[in-house]
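Below: the structure, in structure tokens.
The values are calculated or read from the model by the stated rules, or taken from the named source; none is laboratory data. Nothing here was measured: the structure is a model prediction, and the numbers come from that model. Every residue, glycine among them, receives a Cβ derived from its backbone with ideal geometry; neighbour counts consider all protein chains shown. Side chains are part of the model used for accessible areas, which takes the heavy atoms of the whole protein and leaves out ligands, DNA and RNA. Shrake-Rupley method; radii C 1.70, N 1.55, O 1.52, S 1.80 Å.
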Amino acid sequence: MPPVELVIFDCDGVLIDSERLAVKVDVMVLHELGWPLSEQEVIERFVGRSDRDTRAAIEAHLGRRLPDGWDEAVEHRYRQAFADALTPVEGVLDALDRIALPTCIASSGTHDHLRYTLGLTGLYERFRGRIFSAEDVANGKPAPDLFLHAAGRMAAGPAGCVVVEDSRPGVEAARAAGMRVLAFAGGLSPAGALVGPDTIVFDDMRELPRLLERDGGV
């Protein structure tokens, strides 16, 4: 395997334990719109996807456009939930302290969302200037665009990148980009949804430095 040049982190569910909170908000919002889904159905349909793609899927299902200001109203509800209970993923701070390789973030969240949530958890300064969003590319995950954009900005070749992801769209995007994947199954997505080529599934973030030391773990 080529040596690891860059570790690309997803954000929600990998660095910050936000998805458990966000899914509960999503269930309430969708019910209010007339599309009752369970938490598991929300996870399968939307976790790992950009706000842009999620909005398009909701509008397609409902057969109508969402009202002006809908995104901002939902973001406000997320922020209320995050302000009360958002924390880093268990073990990730220790893992980051032990990783000497170059790192960056490539997230489906907006830059505004990332500044807020990473700021709440004390992680923003660790990654300042190395944070990339689905807003930066034409196509969100599972397309490879965002990971290729992040690698290009960080001057790393795809074969030298290892992506740390926790969602099916995320791991599919990393594979499509020609990158190795360390798939974190300690969150909402079941391990079976993350299994695939060039991928190791793990469930304890404290194991991440050791996996990276094994030539990227894959």
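Is region 204-211 home to any residue that is of a type in the set (Lys, Arg) and surrounded by fewer than 17 Cβ atoms within 10 Å (Cβ to Cβ)?
Yes, that holds for at least one residue.
Does Gly109 satisfy the criteria of being outside any helix (DSSP H, G or I), open to solvent by less than 70 Å² (accessible area, probe 1.4 Å) and either among the β-branched types (Val, Ile, Thr) or in contact (Cβ under 8 Å) with a residue 60 or more places away in the chain (or both)?
Answer is yes for this residue.
Among the residues of region 1-21 satisfying the criterion of being open to solvent by 30 Å² or more (accessible area, probe 1.4 Å) and out of contact with any helix residue (DSSP H, G or I) (no Cβ under 6 Å at 6 or more places or on another chain), which is nearest to Ile99 (Cα to Cα)?
Step by step, filter region 1-21, then rank; the result is Pro3.
Which residue is nearest to the chain's Cα centre (by Cα), if the candidates are limited to region 55-104 and must be on the phi > 0 side of the Ramachandran plot and open to solvent by 30 Å² or more (accessible area, probe 1.4 Å)?
Once the filter is applied, the top-ranked residue is Gly69.
Do any strands (runs of 3 or more DSSP E) entirely within region 118-201 hold 1 or more residues that are modelled with pLDDT of 95 or more and among the hydroxyl-bearing types (Ser, Thr, Tyr), and if so, which?
Filter on region 118-201 gives 131-133.
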